[in-house]
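Peer 1: Quick one: the structure is below, questions incoming.
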Amino acid sequence: MKFGVKIALFLLLAVTIIFTGCEKKQMFINIASGGTSGTYYALGGGMAKIWNEKIPGMNATVQSTGASVANVNLLKEGKVDIIFVQNDIAYYAANGLEMFKDNSFAGLQGVAVLYSETCQLIALANSGIKSVADLKGKRVAVGAAGSGVEANARQIMEAAG
């Protein structure tokens with residue numbers, strides 16, 4: 001075998017060995033959202049779709065959850081990779097306040113602000129409910145267990161007495 005052919009074969013072998021570990025690797029991302037009928041789930045599904053289409057090797061999935069409070073706990077436990085969370089709930093978790101007073105999450109870090117969330121209290125016009133105080137003794141829908149909406153409803157009820 002001629003020297004030039006040996007060099008070419010050696011270089012081919014070397015390049016093959018070097019690039020063996022360079023195949024496209026799969027990246028799995030689990031996105032914690034909220035209930036399947038809510039905004040967080042729809043946004044999470046949209047993010048997963050875009051990431052899967054635009055990022056080679058990406059395998060992003062959206063997970064239905066109890067929303068903000070539950071999502072913080074899932075992230076802290078390492079069960080998900082990225083979460084949707086209300087800004088007040090993230091603040092409580094990072095600073096060990098409210099529902100996280102015995103369970104703070106010092107490593108929590110924001111990625112993006114998507115939209116402002118408001119809390120609205122709504123009743124039928126003929127219900128006789130004109131203020132938060134009028135809710136006393138009534139059945140009130142407060143959102144999914146573990147959601148930021150539930151936490152906010154509890155805070156509003158406690159503040160109203």
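Peer 1: Using Cα pairs under 8 angstrom and six or more residues apart, how large is the relative contact order of segment 26-160, in percent?
Peer 2: Computed value for segment 26-160: 22 percent relative contact order.
Peer 1: To the nearest 10 degrees, how steeply does helix 148-160 sit against the main Cα axis of the chain, on a 0 to 90 scale?
Peer 2: 30
Peer 1: Over 29 Å between C-alpha atoms is what I'm after, so list which of Lys25/Lys101; Lys49/Lys76; Lys49/Lys101; Lys54/Lys79; Lys101/Lys136; Lys101/Lys130 land there.
Peer 2: With Cα atoms farther than 29 Å apart: Lys25/Lys101; Lys49/Lys101; Lys101/Lys130.
Peer 1: For a protection proxy built on the mean count of beta-carbon atoms within 10 angstrom, sort 144-151, 55-62 highest first, please.
Peer 2: For the peptides 144-151, 55-62, the packing ranking is 144-151, 55-62.
Peer 1: Only helical DSSP H runs with n ≥ 4 go in: add -39500 (n - 2.57) per run for the chain, normalise by residue count and round the 222 nm mean residue ellipticity to 500 deg cm²/dmol.
Peer 2: Helix-only estimate at 222 nm: -13000 deg cm²/dmol.
Peer 1: Please state the shape class of segment 62-102: rounded when a/c is under 1.5, otherwise prolate if a/b exceeds b/c and oblate if not, all from the C-alpha gyration tensor.
Peer 2: Judged from the Cα gyration tensor, segment 62-102 comes out prolate (a/c at least 1.5, a/b above b/c).
Peer 1: Suppose R0 equals 30 Å. What FRET efficiency, 1/(1 + (r/R0)^6) with r the Cβ-Cβ distance, do Met27 and Val113 give to the nearest 0.05?
Peer 2: Efficiency at R0 = 30 Å is approximately 0.80.
Peer 1: A further question follows. Using the crude model of +1 on Lys and Arg Cβ and -1 on Asp and Glu Cβ, and no other charge, please compute the dipole size for the chain relative to its Cα centre, in debye to 20.
Peer 2: 540
Peer 1: A follow-up question, please. Which one of Lys79, Lys138, Lys54 has the biggest mean-square fluctuation once the chain is modelled by GNM with Cα springs under 10 Å?
Peer 2: Greatest mean-square fluctuation among the candidates belongs to Lys138.
Bear in mind these aren't lab numbers, they're just calculated from the coordinates by the rules spelled out. Only a predicted model underlies this, so the values are computations on that prediction, with no experimental measurement involved. Glycine gets a Cβ as well: all are built from the backbone with ideal geometry, and neighbour counts include every protein chain shown.
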